[in-house]
Each structure stands twice: as structure tokens, then as C-alpha cells.
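Here the structure comes first, spelled out in C-alpha cells, and everything after it is commentary.
FYI, it's all coordinate maths here, none of it is from the lab. Only a predicted model underlies this, so the values are computations on that prediction, with no experimental measurement involved. Please note: Cβ atoms are built from the backbone with ideal geometry, for glycine as well, and neighbour counts cover all protein chains shown.
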Amino acid sequence: MLIIDSKDCENIDKALKKYKKKFEKSKVLLELRDRQTFTKPSVRRRQEILRAIYKEQVSSGKFE
């Protein structure tokens, strides 16, 4: 549960903006989307390896 401390003089728009930012940082929505479909651990591991290879190629300048 997200709790936003709001002051009496604080605008509701600012409080809502704080809530949205805190919600986004908690990554609840990403976890919900991830749980909607099941991916096998081997497939997940393979995707992580391919992602790491891609990042390495981009950082070394081999892949543009």
C-alpha cells in the first residue's frame, strides 16, 4: 500500500503527481503484466543472455 504524506496547504495535483511517481517506482504494474503470462525459466534465462549479449555489442561499438 502506498502512503503519500500531504500537507494541509499542498495542492491535490501535487499529491496526485507524487502518488503516480511513487507507484511507477514501485514497479507494481510491470510485475502484474509479467505475471499475466507464464514464461518457462529456460526461456527467461535465454532472453536475459541475449539481452546481455546485445548490450555488450552496443557498448563495444560492434553493433549500431
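For the pair residue 46 and residue 10, a Förster radius of 35 Å applied to the C-beta separation gives a FRET efficiency near 0.15, rounded to the nearest 0.05.
Farthest toward the positive end of the dipole of the stretch 12-60, out of 49, 12, 23, is the Cα of 12, where the dipole comes from beta carbon charges about the Cα centre. Counting only residues at least eight positions apart within a chain, or on another chain, the lysines with an alpha carbon under 21 Å from that of residue 20 are 7. Rounded to the nearest 20 debye, the dipole magnitude of the chain is 260 debye, with +1 charges on Lys and Arg beta carbons, -1 on Asp and Glu beta carbons, and the Cα centre as origin.
Given q = 0.15, 0.31 Å⁻¹, what are the Debye log10 I(q)/I(0) values for the stretch 1-56, with equal point scatterers placed on the Cα positions and solvent ignored? Cα-only, vacuum Debye calculation for the stretch 1-56: -0.65, -1.12. Each residue of the stretch 16-30 was assigned a 3J(HN,Hα) from its phi angle through the Karplus curve 6.51 cos²θ - 1.76 cosθ + 1.60 (θ = phi - 60°); the sequence is 5, 5, 4, 5, 4, 5, 5, 5, 5, 6, 6, 6, 5, 5, 5 Hz, with glycine and proline shown as x. Working note: 222 nm ellipticity from helices only, DSSP H runs with n ≥ 4, each -39,500 (n - 2.57), summed and divided by the residues of the chain, gives -22500 deg cm²/dmol to the nearest 500.
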